[in-house]
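Enquirer: I am attaching a structure below and will ask some questions about it afterwards.
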Amino acid sequence: MTISQQAQPTSRLLVRSTETDPCELLELLPGPERTLAWVRGDTGFVGWGEAARLEVRGPARFEEADSWWRNFVAGLDIDDAVGVPGSGPVAFVSMAFADQPAKSLVIVPEVVVARRGERAWITTIGQPPHGNRVVPVRRPRAVRYADGDFPADAYRSAVRDAVGHIRAGRLDKVVLAHDVLAMAEDALDERFVLRHLAEHYPRCWTYAVDGLVGATPELLIRKTGLLVESRVLAGTAWPSGDTTGDAVAAGLLLSPKDRREHAFAAESLVESLRPLCTALSTEGPHVLRLPNVQHLATDVRAELAEPTWLLRVVEAVHPTAAVGGVPREEARQLIDRLEGMDRGRYSGPVGWLDARGDGECGIALRCAQFDGSTARLFAGCGIVETSDPVGEAREASAKMRPLRDAIEGVVT
């Protein structure tokens, strides 16, 4: 475990939340790197500066992050004139998919600006820098692509192997991912990518935490008091040739392969939540239409049996069958064996939490890890017994399109 915090000699950190005028959140981010954001439409958060930071690895990472955050907020002096979920101290979280080797992060910004429709507020922690000088956003130049740690040809081979394991009865579903490198002439500006994603994928949650930047359509857990909400996505199709969006949606709803893949994901989330809840309901599957693909979606609502903070609820459901597989442990082992790469925080929970234990975590999909002039793009697909390696590779490519377009500034 690694913990860093700004030096505070003797006094407790003061946190102050006050109302402010609504504005475009992503326009406020001051610098091109290490931005903090969780935005969907006119709702969300952006942050900058760093009042405190936790880095943790291993199977106990959720428990340790939850404990650290509880202890941190207990030591604050909080002046919250807003009094709604997300006011007062807020942390951005990005958890690793696997126990090892990647690190999971909890970052507490010095400044957070939040908006919910026509209501907005600003939260400061400690003594944040005066003013907010915004460096002009820089468009990437001369972007080119190269194979990552697990390129497409190896991915197709892994899909074939996975289908063999499934047909042999060793498991029902496994989610396999691969990566691609994008390299630009100059350092990439995360804000350029965020703005493009937010504009072209307004139904997704656009996020950035410590260089992991993306737009996810999948809400893992939203917690408000005892209420828990989730949106499960699994089963994907995309237009080809002169196929209309309506035809794609109809085909998706009628596809046995996609319905089966989706059922595994929805059922795994429900079964993981059930021990924590007194009431639970589902609605779906229905079709979620995005500019690049369409997904089968099921919405889940539940009521917790007792007060439980966000990260412990997230721990109970991660990884869902939408990013891992069924059965969970067998799928994890097969992912380790066939992928042969570190996913890092891709397909892990990402979002925000507040001092009440409430917040939102999505699944870190449609994302890239930014490092200077290089971004590592990820995409994955659910593999079942009828999966075709070529088709799955095409699906993964379609899922990478949002990031490729955003990095290049392509309008489609």
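Read the figures in this text as sums done on the coordinates, not as results from a lab. Every value quoted in this text rests on a predicted model; they were computed, and no experiment measured them. Don't worry about glycine lacking a Cβ; one is built from the backbone with ideal geometry, like all the others, and counts go over all protein chains shown.
Enquirer: Between the DSSP loop rule and a limit of at most 12 other Cβ atoms within 10 Å, which GluC sites (Glu not before Pro) in the range 38-144 are left? Present the calculation step by step, with values, prior to reporting the outcome.
Expert: Working: sites: Glu50, Glu55, Glu63, Glu64, Glu110, Glu118; in loops: Glu50, Glu110, Glu118.
Here the sparse-neighbourhood loop sites are Glu118.
Enquirer: If the cut-off is a Cα-Cα distance under 22 Å, which lysines reach Lys399, setting aside same-chain residues fewer than 8 apart in sequence?
Expert: Within the straight-line limit of under 22 Å, Lys399 reaches these lysines: Lys173, Lys257.
Enquirer: For the range 372-399, list residues with backbone N below 17 Å from a point placed 7 Å from the Cα of Thr243 toward its Cβ?
Expert: 381-382, 386-399
Enquirer: Could you tell me which of rounded, prolate or oblate describes the range 184-223, using a ≥ b ≥ c as the square roots of the eigenvalues of the alpha-carbon gyration tensor, with rounded for a/c under 1.5 and, failing that, prolate when a/b is larger than b/c and oblate otherwise? Walk me through the numbers before you get to the answer.
Expert: On the way: a/c = 3.44, a/b = 1.78, b/c = 1.92.
Here the range 184-223 falls in the oblate category.
Enquirer: While we're here: Can you run phi through the Karplus equation (6.51, -1.76, 1.60; θ = phi - 60°) for the range 288-300 and list ³J(HN,Hα) in whole Hz, with x for Gly and Pro?
Expert: 9, 9, 10, x, 9, 9, 10, 10, 6, 9, 10, 9, 10
Enquirer: Something else: At a threshold of 8 angstrom on Cα-Cα distance, excluding pairs fewer than six apart, so keeping six or more, what relative contact order does the range 86-137 reach in percent?
Expert: Values: 54 pairs, mean separation 15.3, N = 52.
The value is 29 percent.
Enquirer: Right, here's the next one. Helix-only estimate, please: 222 nm mean residue ellipticity of the chain, summing -39500 (n - 2.57) across DSSP H runs of length 4 or more and dividing by its residues, to the nearest 500.
Expert: On the way: 8 runs with 109 residues, N = 412.
Helix contribution divided over all residues of the chain: -8500 deg cm²/dmol.
Enquirer: Right, something else. Between the DSSP loop rule and a limit of at most 14 other Cβ atoms within 10 Å, which trypsin sites (Lys or Arg not before Pro) in the range 199-234 are left? Let's see the in-between values first.
Expert: Working: sites: Arg203, Arg222, Lys223, Arg231; in loops: Arg203.
Passing both the DSSP loop test and the Cβ count: Arg203.
Enquirer: Grab the other residues whose beta carbon is less than 12 angstrom from that of Asp299, score K and R as +1, D and E as -1, and report the net.
Expert: Details: positive: Arg222, Arg231, Arg301; negative: Glu218, Glu229, Glu283.
My count for the surroundings of Asp299 gives 0.
Enquirer: Still on this structure: Among bridges DSSP assigns within the range 2-408, what percent are antiparallel (round to 5)?
Expert: Values: 103 of 107 bridges.
Looking only at bridges with both residues in the range 2-408, the antiparallel portion is about 95 percent.
Enquirer: Rounded, prolate or oblate: pick one for the range 33-106, where a ≥ b ≥ c are the square roots of the eigenvalues of its C-alpha gyration tensor, a/c under 1.5 means rounded, and failing that, prolate if a/b is larger than b/c, else oblate. Show your work: numbers first, answer last.
Expert: Working: a/c = 2.14, a/b = 1.38, b/c = 1.55.
Because a/c hits 1.5 or more and a/b fails to exceed b/c, the range 33-106 counts as oblate.
Enquirer: Still on this structure: To the nearest 20 Debye, how big is the dipole of the chain about its Cα centre, given +1 on the beta carbon of each Lys and Arg and -1 on that of each Asp and Glu? Don't skip to the end; give the middle numbers.
Expert: Numbers: 47 positive and 57 negative charges, 46 e Å.
So the magnitude is around 220 debye.
Enquirer: Now, a different point. Using modelled backbone amide H atoms (1.01 Å from N, in-plane), which distant-in-sequence or interchain residues come within less than 5 Å of Ala51's amide H?
Expert: So Ala51 has HN proximity to Val108, Glu110.
Enquirer: Here's a follow-up. Classify the chain: rounded, prolate or oblate, from the alpha-carbon gyration tensor (a ≥ b ≥ c, eigenvalue square roots; a/c under 1.5 rounded; otherwise prolate if a/b is larger than b/c)?
Expert: Values: a/c = 1.67, a/b = 1.37, b/c = 1.22.
Judged from the Cα gyration tensor, the chain comes out prolate (a/c at least 1.5, a/b above b/c).
Enquirer: Here is a follow-up. Among Thr124, Thr35, what is the fewest-to-most ranking by other Cβ atoms within 10 Å?
Expert: Working: Thr124 18, Thr35 27.
Taking fewest neighbouring Cβ atoms as first place, the list is Thr124, Thr35.
Enquirer: Also, quick follow-up: Hey, fewest Cβ within 10 Å first, where do Lys173, Lys103 land in order?
Expert: Working: Lys173 26, Lys103 19.
Going from least to most buried by this count: Lys103, Lys173.
Enquirer: Considering only the other residues whose Cβ falls under 12 Å of the Cβ of Phe264, what net charge follows from Lys and Arg at +1 and Asp and Glu at -1?
Expert: Numbers: positive: Lys173, Lys257, Arg259, Arg260, Arg328; negative: Asp172, Asp258, Glu261, Glu267, Glu271, Glu385.
Here the charged neighbours net out to -1.
Enquirer: Still on this model: How high is the relative contact order of the range 160-229, in percent, with contacts defined as C-alpha pairs under 8 Å that are six or more residues apart?
Expert: On the way: 42 pairs, mean separation 11.2, N = 70.
For the range 160-229, the relative contact order is 16 percent.
Enquirer: Now for a separate question. Taking Cα pairs under 8 Å and at least six residues apart, what relative contact order does the chain come out at, in percent?
Expert: Values: 1010 pairs, mean separation 94.1, N = 412.
After rounding, I find 23 percent.
Enquirer: Enumerate the amide H contacts of Leu36 below 5 Å, restricted to partners 5 or more residues apart or on another chain; note that Pro and chain-start residues carry no placed amide H.
Expert: Amide H to amide H, under 5 Å and 5 or more residues apart or across chains, Leu36 pairs with Gly47.
Enquirer: Relative to the longest principal Cα axis of the chain, at what angle does helix 152-167 sit, 0 to 90 degrees, rounded to 10?
Expert: For 152-167 against the chain, the angle is about 70 degrees.
Enquirer: Relative to the first principal axis of the alpha-carbon coordinates of the chain, what is the inclination of helix 328-339, with its axis defined by its Cα atoms, in degrees from 0 to 90 and to the nearest 10?
Expert: For helix 328-339, the angle is close to 80 degrees.
Enquirer: Based only on other Cβ atoms within 10 Å, what is the fewest-to-most ordering of Thr123, Thr374? Mind showing how you got there, number by number?
Expert: Values: Thr123 28, Thr374 15.
Placing the least packed residue first, the sequence is Thr374, Thr123.
Enquirer: Ordered by residue, what ³J(HN,Hα) values in Hz, to whole numbers, does the range 316-322 give under the Karplus form 6.51 cos²θ - 1.76 cosθ + 1.60, where θ = phi - 60° and Gly and Pro are x?
Expert: For the range 316-322, the Karplus curve yields 5, 9, 8, x, 6, 5, 5 Hz.
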